[in-house]
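The values are calculated or read from the model by the stated rules, or taken from the named source; none is laboratory data. Model, not experiment: these values are computed from the prediction. All Cβ positions, even for glycine, are placed from backbone atoms using ideal geometry, and neighbour counts span all protein chains on display. Keep in mind that these areas ignore ligands, DNA and RNA; they rest on the heavy atoms of the full protein, side chains included. Shrake-Rupley method; radii C 1.70, N 1.55, O 1.52, S 1.80 Å.
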Amino acid sequence: MNEMYDMSIVTHNYGVFGVLGMIFIHFWMLLRAKDIKKYARFMLLFMPFGITTIGTVIFTGVIMMASKHLDFSIENIIMIIFAIALIVLENKRSKTLQRLDKKDDYALDYYKPDAYKIFAIEIFLTLSISIWMWI
């Protein structure tokens, strides 16, 4: 049982690295974006990868909680809240991008400040809970 838990922790950590990687890729693509149509198409195609990495972290977290007989510690509760926050933030960013007028030349300029804030919050949340758990 301990071996399964140790393997789940390693998989969970790799999943967290994957989430950070996806956030940085999204951030980098937004920095490079010049055309709203191309950026929106890229995000539409790339979004399933981001959601899958978040799902991987949630799934491995649930496996670890099950192996510990659903022992809800303060760390587990905070991680659940952070996972829900990541999902809500990604959904908010995605919906804002979908609602933009793709014909407006300045649509990307309206979208970027809010998206940068969301990315910063996501990075802060992920790094803060990760550093707290790794210490």
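Listing for the model above:
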{"read-out": "Counted charge near LEU108, where neighbours are those whose Cβ lies closer than 14 Å (Asp, Glu -1; Lys, Arg +1)", "value": "+4"}
{"read-out": "Karplus 3J(HN,Hα) series, Hz, for region 81-91 with 6.51 cos²θ - 1.76 cosθ + 1.60 (x for Gly, Pro)", "value": "5, 5, 5, 5, 4, 4, 5, 5, 5, 5, 5"}
{"read-out": "Fraction of accessible area attributable to carbon and sulfur, region 5-105 (%, probe 1.4 Å)", "value": "69"}
{"read-out": "Integer Hz, Karplus 6.51/-1.76/1.60 couplings in order for region 26-40, x for Gly and Pro", "value": "4, 4, 5, 5, 5, 4, 7, 5, 10, 10, 5, 5, 5, 5, 5"}
{"read-out": "For region 56-135: accessible area per residue (Å², 1.4 Å)", "value": "65"}
{"read-out": "Stokes-Einstein D in µm²/s, Kirkwood radius over Cα pairs - the chain at 4 °C with 1.567 mPa s viscosity", "value": "81"}
{"read-out": "Cβ-Cβ FRET estimate between VAL10 and GLU75, R0 fixed at 25 Å, reported to 0.05", "value": "0.90"}
{"read-out": "Dipole in debye (nearest 20) - the chain, about Cα centre, beta carbon charges: Lys, Arg +1; Asp, Glu -1", "value": "700"}
{"read-out": "Spin-label model distance (nm) - SER67 vs LYS92, 7 Å beyond Cα toward Cβ", "value": "3.4"}
{"read-out": "Positive-pole candidate from SER67, GLY55, VAL10, dipole of the chain, charges at beta carbon", "value": "GLY55"}
